[in-house]
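K.L.:
Below you will find the structure I want to go over with you.
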Amino acid sequence: MAAYVTTLGTGVIPGAGNVQTELTAVTRRGFIPKMIVQLYKSCPLVASVLANANTASGGIDSINQPVQGSSFVNHQWSDYSGAFSQPAVLTGALDAQYDLKLSIIPVPFLGMEGIVQLGHDVIPLIEARMNDVEAVAKDAWATALYNNTSNTSAFIGLPAYIDDSTNVGTYANIARSSNTFWKSSYTANSPTVNPTRALLLVYINQLVKACGEAPTFGLMGFGTWTRLAEDFLSQERYDVRSGFSLGGVESGFRALMVAGVPIYGDPYCPEGYCYLVNSNYLSLHIHEAAAMAFTGFQSTIPNMQLGYVGAVVTVAELVGVKPKANSQIRGLNYENI
């Protein structure tokens with residue numbers, strides 16, 4: 001961390017010399033007692049799965065979801081007699097299995113840090129660390145949700161859940177090769193193509209035709225989302241009413257609506273990708289005893305150091321139970337922003 005440096009001869013501060021030295025020695029600095037965070041980003045995906053969060057408990061394969069992949073009965077046509085063939089006993093159920101993952105953020109508190117800051121703090125460092133925990137956790141979660149397919153210690157994310165076996169053959173202990181109902185719609189454009197309203201409409205209708213349900217929303221990297229927005233901007237219409245100046249008219253969009261499906265930009269989503277997500281079947285399952293739980297501070301004296309350490313613990317997993325209701329599109333052009 002850089003040391004504080006007095007800016008000499010600027011504004012009301014005198015230049016170098018005896019007056020400046022004396023003034024510095026007897027005058028406190030003026031601080032704004034707020035910590036302005038310069039990093040971290042919002043994530044629509046994390047917001048969605050937290051909004052749909054469910055409670056989990058312990059056990060081997062802590063989350064088990066029975067899923068139906070084929071019909072239990074068959075349809076028959078009959079005539080006036082009402083006769084029908086003897087029905088066969090059909091099997092159609094499988095068990096999707098998910099293991100909870102441990103997210104842990106250690107929080108240190110040095111003994112002399114408390115002594116030095118006591119009664120003289122501008123920003124209590126221990127409070128800054130505790131406030132930082134939530135943002136650090138969400139940043140790590142969002143990164144895993146958009147990228148992780150193989151690290152079994154982290155959340156298994158969208159690339160594994162929304163796939164047709166091109167990248168991940170088995171999800172939640174169900175093999176896609178022998179269970180086609182467990183496959184998502186998947187498109188990898190080569191060469192790459194521009195995301196347009198017409199193209200997104202095709203992908204949305206393709207998904208609806210495959211599963212009979214429309215996605216809840218779509219997610220793109222902001223460069224990809226910007227390229228899609230450019231297809232809308234030329235069609236913008238301004239409704240300027242009396243009393244309003246043209247300079248106050250809003251332009252651009254928070255979400256791009258295609259066939260009734262809002263498409264959002266997500267800074268964590270890889271560029272060139274689009275995920276069409278059905279949030280009815282996607283949530284974060286969080287252990288009832290470890291939902292951002294704080295362990296409390298423990299002394300570090302056994303390690304021959306004066307101080308304390310605690311940890312914020314979350315035990316959870318992303319649970320998607322209907323891959324067929326989602327779609328992944330790759331190979332989209334994007335703006336370098």
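K.L.:
Kindly state, to the nearest 0.05, the FRET efficiency for Ala83 paired with Thr170, given R0 = 41 Å and r defined as their beta-carbon distance.
P.N.:
After rounding to 0.05, the efficiency reads 0.40.
K.L.:
Which residues' amide hydrogens lie under 5 Å from the amide hydrogen of Ala96, considering only partners 5 or more residues apart or on another chain, with H built in the peptide plane?
P.N.:
For Ala96, whose amide H was placed from the backbone, the distant partners under 5 Å are Gln65, Val67.
K.L.:
Classify the chain as rounded, prolate or oblate from the Cα gyration tensor: take a ≥ b ≥ c as the square roots of its eigenvalues, call it rounded if a/c is under 1.5, otherwise prolate when a/b beats b/c and oblate if not.
P.N.:
oblate
K.L.:
Under 10 Å, Cα contacts only: if you run a Gaussian network model on the chain, which one of Ser42, Ser62, Ser70 comes out with the highest mean-square fluctuation?
P.N.:
Ser70
K.L.:
Cross-link partners among lysines for Lys34, C-alpha distance below 30 Å, same-chain residues fewer than 8 apart left out?
P.N.:
Within the straight-line limit of under 30 Å, Lys34 reaches these lysines: Lys138.
K.L.:
Which residue fluctuates the most in the chain, going by a Gaussian network model with Cα springs under 10 Å, if the choices are Asn326, Asn280, Asn131?
P.N.:
Asn131
K.L.:
Mean Kyte-Doolittle hydropathy of -0.5 or higher plus an axial Cα length of 27 Å or more: which whole DSSP H helices in the chain meet both?
P.N.:
125-147
K.L.:
Just how large is the dipole of the range 118-218 about the Cα centre, in debye to the nearest 20, putting +1 at every Lys and Arg Cβ and -1 at every Asp and Glu Cβ? Can you show the working numbers first?
P.N.:
On the way: 6 positive and 8 negative charges, 113 e Å.
Charge dipole, the range 118-218, about its Cα centre: 540 debye, nearest 20.
K.L.:
What dipole magnitude, in Debye to the nearest 20, does the chain give about its Cα centre under +1 on Lys/Arg Cβ and -1 on Asp/Glu Cβ?
P.N.:
Around 320 debye, computed over the chain.
K.L.:
For Asn333, enumerate residues with amide H under 5 Å from its amide H, sequence gap 5+ or separate chain, H modeled in the peptide plane.
P.N.:
Val193, Asn194
K.L.:
Sort out the exposed loop chymotrypsin sites (Phe, Trp or Tyr not before Pro) in the chain (DSSP loop, at most 12 other Cβ within 10 Å) and tell me the longest stretch that has none.
P.N.:
The reported range is 85-237.
K.L.:
While we're here: Based solely on its DSSP helices, what 222 nm [θ] is calculated for the chain when runs of n ≥ 4 H residues each add -39,500 (n - 2.57) and the sum is averaged over all residues, nearest 500 deg cm²/dmol?
P.N.:
One gets -7000 deg cm²/dmol as the mean residue ellipticity at 222 nm.
Bear in mind that the values in this text are calculations on the coordinates, not laboratory data. These numbers were taken from a predicted model, which means no experiment stands behind them. Note: ideal-geometry Cβ built from the backbone for every residue, glycine included; neighbour counts use all protein chains shown.
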